[in-house]
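These notes are about the structure you will find just below.
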Amino acid sequence: FEAKRLRNEVALYDPELEADRLSHLSLLSELEAAIAQGQLRQVLQPKRRLRDGRITGAEALVRWQHPLRGWLPPAEFVPFAESTGRIRQITQWMLRRAIATLATWCAQGRDVAIAVNISTLDLQDGQLPARIEALLQAAGVPARLLQLELTETGLMAGSQDPIHVLQSLSRLGVRLAIDDFGTGQSSLAYLQRLPVHELKIDRSFVDGVDRDAKRQALLGSIITLGHGLGLEVTAEGVETEAELAVLHRLGCDLVQGYWVGKPLPLAHFDALLAPALACESA
Ligand code: C2E
Ligand code: MG
Ligand code: MG
Ligand code: MG
């Protein structure tokens, strides 16, 4: 015990650890300020349906407009937000923003969905379905226009099985997608139990698929698997016309990637959309 106490005291006064602790604390307070003071931004990346070429939805991606460091991508703060629990406030902000945009589109008669990325911690929150339901109701947005993207790792990592939260979300009519499919370690048996509607194939399977027969076999098998389970299949990270042609041939349903469109602020995204279509209630 003495030795342990001694080590702790030494650690307490270790200047390097102290510096780490301070930078952790300052990043935490900066992130809290970012959430409270409106420094977060939402960009929208189009998803195109191959059958008719229509843009049927968008994925909402977070950015941080940092007062000193500029425009920060999620890789620079989402993992930190996840490890400190602040991701819940970010998710909440992203959901509000997405639902506000959906309400505007509905009022304009546009039938376009938005997908929001959800973390492990969000799925551990039993109140999530009720909060989403309240947001949708207050905005008058049909639940089917909201999608949630979950990663395989995110689904497996939590301390509680998220199945009940997923079932409640699904009952609401919210659509669920497995993100980065193929990179995590979810078992296919687990996939069968989940009330998901869509598989998003990770871009590592798409990259250069026109020039690699093995990759093409893998991609084709994943698409067949998704369809066999009754799921809609999206390919992520489509960057060339040649990759797109392969996806067309393999019967992929939706594509997303720089070839289709980069993530854009709402005003620019709006310009991509076709003239208003009917938006029926769920
Ligand atoms: P993700 O959900 O798989 O999102 C797709 C990422 O791939 C985005 O990066 C997007 O900009 C990028 N991307 C799209 N098309 C292409 C392409 O053709 N080529 C390449 N090389 N990249 C492409 P981004 O915005 O940097 O986001 C990275 C990850 O951060 C996301 O991966 C997601 O896991 C996470 N993330 C983003 N926004 C949120 C959020 O609001 N909440 C949570 N929890 N995570 C988020
Ligand atoms: Mg995603
Ligand atoms: Mg992804
Ligand atoms: Mg990805």
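Quick look at the values:
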{"quantity": "Where the chain is the region considered: accessible area per residue in Å², 1.4 Å probe", "calculated": "50"}
{"quantity": "Separation of alpha-carbon centers, region 47-78 and region 187-260, rounded to whole Å", "calculated": "20"}
{"quantity": "Rough spin-label spacing in nm, given labels placed 7 Å along Cα→Cβ, for Arg21 and Asp52", "calculated": "6.1"}
{"quantity": "Cα-Cα P(r), the chain, percent of pairs per 10 Å interval", "calculated": "6, 26, 32, 23, 8, 4, 1, 0"}
{"quantity": "Using distinct alpha-carbon pairs, which all enter the 1/r mean, Kirkwood radius of region 1-148 in Å", "calculated": "17.8"}
{"quantity": "Only Lys, Arg (+1) and Asp, Glu (-1) charged, at Cβ; the chain dipole about Cα centre in debye", "calculated": "620"}
{"quantity": "Region 75-227 - percent relative contact order, Cα under 8 Å, separation 6 or more", "calculated": "18"}
{"quantity": "Simple label model, 7 Å out from Cα along Cβ direction - Trp93 to Thr183, nm", "calculated": "2.3"}
{"quantity": "Extreme residue, positive dipole direction of the chain, given options Gly261, Gly109, Leu194 (C-beta unit charges)", "calculated": "Gly109"}
{"quantity": "Max mean-square fluctuation residue, GNM over the chain, Cα-Cα springs under 10 Å, options Asp111, Asp52, Asp270", "calculated": "Asp52"}
{"quantity": "Beta bridges per DSSP with both ends in region 1-158, % antiparallel, nearest 5", "calculated": "60"}
{"quantity": "Phe80 accessible area, 1.4 Å probe, all protein chains in place, Å² to nearest 10", "calculated": "40"}
{"quantity": "Most fluctuating residue given options Ala267, Ala100, Ala130, as computed from a GNM of the chain linking Cα atoms under 10 Å", "calculated": "Ala267"}
{"quantity": "Electrostatic dipole magnitude of region 190-236 [Cβ: Lys, Arg +1; Asp, Glu -1; Cα centre; debye, to 20]", "calculated": "160"}
{"quantity": "Of all DSSP beta bridges in the chain, antiparallel share, percent nearest 5", "calculated": "40"}
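The values are calculated or read from the model by the stated rules, or taken from the named source; none is laboratory data. Just so it is clear, the model here is predicted, and its values are computed rather than measured. Here the Cβ is made from the backbone with ideal geometry for all residues, glycine too, and neighbour counts use every protein chain on show. Note: accessible area is taken over every heavy atom of the protein model, side chains too, but ligands, DNA and RNA are not part of it. Shrake-Rupley method; radii C 1.70, N 1.55, O 1.52, S 1.80 Å.
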